[in-house]
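Here it is, the structure, as structure tokens.
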Amino acid sequence: MRPYKHPEIAEFVLERVLYALSDSIRLEIVRHLDRVECATCGELDGGRPKSTVSHHFKVLREAGLVRTESNGTTHINTLRSADIEQRFPGLLSAILAQSDKLPARRRKAA
């Protein structure tokens, strides 16, 4: 399997990061990865179809929020919080702090 492409820190675009985090499913994935060191796609799929989960991870990867590494058929995901912090200081921590304050029903996809 080909390795995933991940943007360099200098290639992060604010609009792309904000767009990726504007979706409640992707925000929940990022929130989960912020609490753990790493997680597989299966641990983060929430029972959603594989194609839907793949799309969400692609958006997160292209924004620079997530790094995905393959280990056989398993895909290990980590949050690139230090890289985001370097490019956009305080952004991710502010968004995650605010999302923690939202009622659970507001964080779930419709």
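If the chain between Ala97 and Arg31 were fully stretched, how many nm would it gain, using 0.36 nm times the residue separation less the Cα-Cα distance? It would help to have the intermediate numbers written out before the result.
Values: separation 66, 0.36 × 66 = 23.76 nm, distance 0.96 nm.
Contour length minus the Cα-Cα distance gives 22.8 nm.
Fully extended, how many nm does the chain gain between Gln86 and His55 (0.36 nm per residue separation, minus their Cα-Cα distance)?
Full extension from Gln86 to His55 adds 8.6 nm.
Assign one of three labels to the range 11-101, namely rounded, prolate or oblate, based on the Cα gyration tensor with a ≥ b ≥ c the square roots of its eigenvalues; rounded applies when a/c is under 1.5, prolate when it is not and a/b is larger than b/c, and oblate otherwise. All intermediate terms of the calculation are to be shown ahead of the outcome.
Values: a/c = 1.61, a/b = 1.45, b/c = 1.11.
Prolate is the answer for the range 11-101, as a/c is 1.5 or above and a/b outweighs b/c.
Still on this structure: Show me the ranking of peptides 45-55, 31-41 by mean Cβ neighbours inside 10 Å, starting with the highest.
Sorting 45-55, 31-41 by mean packing, highest first, produces 31-41, 45-55.
With only Lys, Arg, Asp and Glu charged, each at its Cβ (+1 for the first two, -1 for the last two), find how big the charge dipole of the range 11-101 is about the Cα centre; round to the nearest 20 debye.
The calculated dipole for the range 11-101 is roughly 160 debye.
Please list, ordered by chain and number, the residues whose modelled amide H lies under 5 Å from the amide H of Val66; skip anything fewer than 5 residues away on the same chain.
Correct list: Arg61, Arg80.
So for the pair Lys5, Thr73, with labels modelled 7 Å out along Cα→Cβ, what separation do we get in nm?
2.7
Only Cα pairs under 8 Å and at least 6 apart count here; give the relative contact order of the range 11-101 as a rounded whole percent. Please report the intermediate quantities before stating the final value.
Working: 83 pairs, mean separation 27.3, N = 91.
Normalised by residue count, the contact order of the range 11-101 is 30 percent.
Here, each number is a calculation from the coordinates, and none is a lab measurement. Just so it is clear, the structure is predicted and the values come from calculations on it, not from any experiment. A quick note on method: Cβ atoms are made from the backbone with ideal geometry, for glycine too, and the neighbour counts reach across all protein chains shown.
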